[in-house]
1. So Val10 fits all but one of (1) farther than 22 Å from Pro83 by Cα; (2) out of contact with any strand residue (DSSP E or B) (no Cβ under 7 Å at 6 or more places or on another chain); (3) outside any helix (DSSP H, G or I); what number is the exception?
2. If a residue has to be in a loop (DSSP other than H, G, I, E, B) and under 15 Å from Leu111 (Cα atoms) to count, how many in the stretch 161-178 make the cut?
3. Asp219 versus (1) closer than 19 Å to Gly18 by Cα; (2) out of contact with any Gly (no Cβ under 6 Å at 6 or more places or on another chain): which is the lone unmet condition?
4. For the stretch 13-117, which fully contained strands (runs of 3 or more DSSP E) count at least 3 residues that are among the hydrophobic types (A, V, I, L, M, F, W, C)?
5. Given the criterion part of a loop (DSSP other than H, G, I, E, B) and away from ligand 2 (no atom under 16 Å from the Cβ), identify the matching residue among Gly235, Gly286, Gly307, Gly247.
6. Evaluate the stretch 168-179: report whether one residue or more is in contact with a helix residue (DSSP H, G or I) (Cβ under 9 Å, 6 or more places away or on another chain) and in contact (Cβ under 8 Å) with a residue 60 or more places away in the chain.
7. Ile189 passes all but one of (1) away from ligand 2 (no atom under 16 Å from the Cβ); (2) within 18 Å of the chain's Cα centre (by Cα); (3) not small (Gly, Ala, Ser); which number fails?
8. Please specify each residue of the stretch 212-258 satisfying the condition of being within 14 Å of ligand 1 (Cβ to nearest atom), modelled with pLDDT of 95 or more and at positive phi.
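The values are calculated or read from the model by the stated rules, or taken from the named source; none is laboratory data. Predicted model only: the values in this text are computed from it and were never measured. Here Cβ is always computed from backbone atoms with ideal geometry, including for glycine, and neighbour counts include all displayed protein chains.
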Amino acid sequence: MTRVAERITVYEVGPRDGLQNEAGFVATEDKLRLLRILADAGLSRIEATSFVSPRWIPGLADAGEVVSRLPRKPGLVYAALVPNAKGLARLFDALARAGDEAAQVDAAVFLSASETHNRKNVNRSIDETLAAFDEIVPPALARGLSVRGYVSTAWGCPYEGATVPERVVSVAERLLAMGCYQISLGDTIGVGTPNQTRRLLELLLARARPAELALHMHDTRGTALANVLVGLEAGLTTFDASVGGLGGCPYAPGASGNLATEDLVYMLHGMGYETGIDWPLLIAAGELAERLVGRKLPGKALQAELGSRALLARASVT
Ligand code: HMG
Ligand code: MG
């Protein structure tokens with residue numbers, strides 16, 4: 001494999017993409033504990049929460065309080081999803097309470113490449129959604145925030161089937177033209193396979209730099225890491241993942257967890273890439289996430305690590 005970069009940014013989305021999908025409400029203090037341990041583990045990009053409608057996503061209704069109390073660390077930049085002007089006003093209000101200049105929080109806008117998923121997710125057509133971004137992106141940039149753009153269902157849609165890559169390209173180009181610093185390509189329902197990913201990246205890299213693209217894979221069918229490998233080969237340096245593999249999209253039936261952060265980091269470290277992430281602390285973050293949601297999480301490297309620790313602990317008492 002051609003090696004293009006040495007350092008990879010692991011973009012942690014568990015506190016948002018993971019917790020948005022939980023049936024039970026994780027207390028604000030517990031969310032802040034999870035954010036603290038992820039920060040301590042060395043994650044430099046963490047999507048902390050979402051300013052969407054609390055009626056649509058009750059689990060993140062405390063977004064304002066979370067952002068106003070984010071644990072600070074030099075070099076650590078958070079992000080929050082923002083769907084409309086109302087969400088942006090809530091983010092600005094939380095930043096003001098946090099003390100604006102100290103707060104390092106990006107805004108993230110999102111839409112789907114497929115019309116039906118977009119409507120189910122945000123109750124608007126793709127064109128209406130893009131038009132509404134005019135009320136988010138310019139004011140966010142004017143306030144000094146960077147803005148990331150997500151293109152969901154970039155490989156396939158639960159309602160419309162496979163996505164034509166040219167549709168992804170056209171939406172991504174519009175987001176970049178608006179001023180998004182990076183487009184995160186979402187495999188919302190985890191259907192992508194490597195050749196499809198290669199083709200999509202070829203089309204996009206004719207129009208964007210590798211640093212302007214990221215992969216956001218859900219691991220529903222076990223193909224997330226194979227797609228990451230294609231992304232690495234194409235020169236991408238940012239990959240989204242979720243602690244323990246928490247997550248999914250509540251408006252995409254069958255969307256299971258994101259690629260687990262531990263699985264991604266295990267592979268990257270094994271290949272000699274630097275991430276700045278401390279493995280034992282990352283495992284501790286996964287353990288905490290399991291305690292907070294009250295169940296075993298699907299991340300394979302997390303389960304392997306916890307399993308071998310349990311084995312060693314048993315061996316040392318016998
Ligand atoms: P709507 O119901 O069409 O909104 O929802 P509306 O503009 O008609 O307003 C209805 C009411 O909601 C009003 O209140 C508004 O004030 C309020 P009322 O007057 O009835 O009292 N409202 C809000 N309140 C708080 N914060 C707001 C807000 N906006 C309106 N921001 C809306 C439209 C977009 C808000 C809604 O559809 C929504 O919140 N959708 C978000 C769904 C979501 O979060 N999905 C998951 C995230 S995307 C994802 O996971 C994919 C990703 O991970 C990438 C991948 O995997 O592909 C990013
Ligand atoms: Mg997602």
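1. (2)
2. Residues flagged as in a loop (DSSP other than H, G, I, E, B) and under 15 Å from Leu111 (Cα atoms) within the stretch 161-178 amount to 1.
3. So Asp219 meets the others, but not (2).
4. Hits in the stretch 13-117: 77-81, 105-112.
5. The conditions single out Gly235.
6. Yes - at least one qualifying residue is present in the stretch 168-179.
7. Status for Ile189: all satisfied but (1).
8. Residue satisfying the conditions is Gly245 alone.
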